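The values are calculated or read from the model by the stated rules, or taken from the named source; none is laboratory data. Small disclaimer: the values here were computed from a predicted structure and weren't measured. When we count neighbours, we look across all protein chains shown, and the Cβ atoms used for this are built from the backbone with ideal geometry, even at glycine.
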Amino acid sequence: MRKVKIDNHPINNRELKKKSGFWRFGIFVVDLIVLFLSGVVALLLKNHNLVSSVPTLLIQTRKMVVPSVLLYLGAFYFLDLYNPQLYESKIEILSGIIKASVLAILLLSAYEFLFKKSVFSRSYVIIQISILIPLLYAVRSTWLTHVKRANVAVERVLFIGTRDDIAAALASVRQNGLKRDCSIVGAVLSHNGVDEVGGVKVLGKIKDISNIVKDYAINRIIIVSPINYRKFVEEMHAQIERDIRIEIVPGIYEILIGKPDYALIADIPLIKIVREDPPEWYSLAKRIMDLALALVLIVTTFPIWILAGIAIKLTSPGPIFYKQKRVGQNGRVFTIWKFRTMINDAEKDSGPRFASKEDDRITPVGRILRKYRIDELPQLLNVIKGEMSMVGPRPERVEFVQQFEKEIPFYHERHKVKPGITGLAQVWGNYSTSPGIKLKYDLIYIYNRSILLDLEILLKTAKVVLQGTGV
């Protein structure tokens, strides 16, 4: 059972991030030292003669210890062991270290397989693991105490609801304790009420939410009374820049309508109504996948580039490539490259407008290139530059973005991630799919993105390309 902490004081969110950054860097340095020392000790215990032969010890350290340290750190990063909010109890810390150690052993085996040589002996791995697990557990448990004192990993919770429902929820929290370390910052009443409820300060009304979240660094909202969830979540996204974890105490209806993500505070079941971002390792893994796939595709499709260029030049006056300004992640504008599929200066008289399936501006060669997505191949260069990803919302033109942001609510949300060469709208939609519907595809991807979903979209894209049915 965790101690319930009431903290209704405003807090500097930048300082909280600074403390979190210090925690991450500190534990990374300690992990590095522990991993290196455990590797060296394992070498010495495995071969006592290395004590008297420093040059040999250095060679074995470079050959065995350095790779194992790097692979261990990779495993720790992959399993989010550097996220202070995911490992708040000693059981969670021990479980995380054991899981990371198992993953590291698998990585060590993969390393030997790829390089086709035996590097890590069984005895070395067993000794290193035996030293590592208790040492890392002791260090991280000690560091956890520092985290609690520094208020880094603590979730800052805001309750929303009626006076009676909030009071009942707080009474349950006090009676049953908490499953995770968190501070109850305050309450917001859905109707006019009092200055305090259940010993917690009332910080304002629902209309004040954006300022309360900012001033008190709220990162978790629990709604204990029925409200218009749809309107509330939409307003939250419109008013608050950073992502907030929002949960509700469900009624029978909420439980029956689908397959929700469940959470718990004290003995109260909660349903998440805002999905959290993927783990930190996802961005690194996705970038590695993007670079590898883009390079492979450039090499394997280069003959097609040559043929496409020759066909464009022979059948239509004008340049081979077509460049255009598009809006990318966080609203940054970049230049996208494509094989030209329309007549030269296609928008000279009409100005910017969408292409249609039967667009008379498209050249005969252009129709073939568009049908099999060949015109998109130069965007692999945008992927290598880091402006695009293989999978994501399609980048839109500046003029259309300005228009859609005025007409379509939450259109700006699609710019939270890198744009992609392909996406859900490209494999599920068609030419007649409206920008509003495509936005829903984009948001489904953004709030459910994972490596598995990326791979699924890439496989569906390959099918679309081969069938010649792409948007």
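Points to keep in mind about this one:
- Qualifying residue in the stretch 52-61 (condition: surrounded by fewer than 19 Cβ atoms within 10 Å (Cβ to Cβ), without any contact (Cβ under 8 Å) to a residue 60 or more places away in the chain and under 26 Å from the mean Cα position of the chain (by Cα)): no
- Unique residue being in a helix (DSSP H, G or I) and within 19 Å of residue 465 (Cβ to Cβ) when the list is 383, 401: 383
- You will find that of 384, 437, the residue that is within 23 Å of residue 321 (Cβ to Cβ) and surrounded by fewer than 15 Cβ atoms within 10 Å (Cβ to Cβ) is 384 and no other.
- Taking the criterion of being in contact with a Leu (Cβ under 9 Å, 6 or more places away or on another chain) and at pLDDT 85 or above, the residues of the stretch 190-203 that qualify are 197, 200, 202, 203.
- Residue match in the stretch 6-20 (condition: among the small types (Gly, Ala, Ser) and either at pLDDT 70 or above or loosely packed, with under 14 Cβ neighbours inside 10 Å (or both)): no
- Residue within the stretch 278-293 that is more than 20 Å from the chain's Cα centre (by Cα), at pLDDT 90 or above and of a type in the set (Gly, Ala, Ser) present: no
- Residue check, residue 149 at pLDDT below 85, surrounded by fewer than 18 Cβ atoms within 10 Å (Cβ to Cβ) and under 23 Å from residue 269 (Cα atoms): no
- The stretch 114-128 - residue that is of a type in the set (A, V, I, L, M, F, W, C) and at pLDDT below 80 and, of those, nearest to the chain's Cα centre (by Cα): 114
- In the stretch 403-447, the residues that are within 20 Å of residue 379 (Cα to Cα) and of a type in the set (D, E, K, R): 414, 416, 418, 442
- Enumeration of residues in the stretch 250-277 that are at pLDDT 70 or above and over 26 Å from the mean Cα position of the chain (by Cα): 250, 251, 268
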